[in-house]
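Q: Dropping a structure here in structure tokens format, bear with me for questions.
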Amino acid sequence: MTDHSNTDAPDTAAPQPPLKKARKRGLNKLGALRNVLVDMRRLVLTRVWGMDLHPTAQFSLSAKFDKTFPIGVHVGEKSYVAFESRILTHDRTRGLYLHTRVGRNCFIGGRSLILPGVEIGDNCVVGAGSIVTKSVPPRCVVAGNPAKILRENIEVGDYGRFLEADQTEARLAEEGRA
């Protein structure tokens, strides 16, 4: 049987125009300055305190990383730790000093708390205000106190951003709501 498909045929789909983005407002207008400040803070946290923060990991300037056992803090590539989140590596009451890990392409929501010894798998999203007391398998959404798995086998891009987020942002920008 002969295959008559033409693999050299040009793609007939017209190129899509770039998606509309939300307007930069507030502190987002100072993105370049923020990036410099985050890079300086990362330098101090990694070189002075010995934390393992991947060079592509991002975090809010108000995020807190445990300095009691700083070598136990590990944040993977292209992960984001949002405002006022805390990653703990020690529990004084129980005498624990444990490594706490956030995988690749994760998003840790604002004001979340990751307890000592917890491992967040790759491609996970932790909802805002969550208290993560147990390790989370890869590709999950967790939220609550204590955090529970809400969705499994999710697909996210860099920094834990859902794949459909760009289309949602574009739709809201078109409607004038972003």
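Q: Identify, from the list Val142, Val156, the residue that is without any contact (Cβ under 8 Å) to a residue 40 or more places away in the chain and in contact with a strand residue (DSSP E or B) (Cβ under 7 Å, 6 or more places away or on another chain).
A: Val142
Q: Quick one: is Val142 crowded, with 20+ Cβ neighbours inside 10 Å, in contact with a Gly (Cβ under 6 Å, 6 or more places away or on another chain) and over 28 Å from Met40 (Cβ atoms)?
A: no
Q: Out of segment 28-78, which residues are basic (Lys, Arg) and either under 18 Å from the mean Cα position of the chain (by Cα) or crowded, with 18+ Cβ neighbours inside 10 Å (or both)?
A: Listed by number, the residues that qualify are Arg34, Arg41, Arg42, Lys64, Lys78.
Q: Scan segment 76-103 and report the pairs whose first residue is touching a residue at least 60 places away in the same chain (Cβ under 8 Å) and within 20 Å of Gly129 (Cα to Cα) and whose second residue is outside any strand (DSSP E or B) and charged (D, E, K, R), with Cβ atoms within less than 8 Å and a gap of 6+ or a chain change.
A: Ser79/Arg104
Q: Which ones in segment 46-76 are in a helix (DSSP H, G or I) and farther than 16 Å from Val102 by Cα?
A: Arg47, Val48
Q: So if I check each of Arg177, Arg171, Arg151, which one is assigned to a loop (DSSP other than H, G, I, E, B) and either surrounded by fewer than 16 Cβ atoms within 10 Å (Cβ to Cβ) or touching a Ser or Thr at 6+ places or on another chain (Cβ under 7 Å) (or both)? Can you show your working first?
A: Details: Arg171 fails: assigned to a loop (DSSP other than H, G, I, E, B); Arg151 fails: assigned to a loop (DSSP other than H, G, I, E, B).
Going through Arg177, Arg171, Arg151 in turn, the sole match is Arg177.
Q: Pick from segment 125-140 the residues that are more than 12 Å from the chain's Cα centre (by Cα) and part of a strand (DSSP E or B): which of them is nearest to Gly110 (Cα to Cα)?
A: It comes out as Ile131.
Read-outs throughout are calculated quantities, based only on the coordinates presented, and are distinct from any laboratory measurement. Since the model is a prediction, treat every value here as computed from it, not as a measurement. Reconstructed Cβ throughout: ideal geometry from the backbone, glycine too, with neighbour counts over all protein chains shown.
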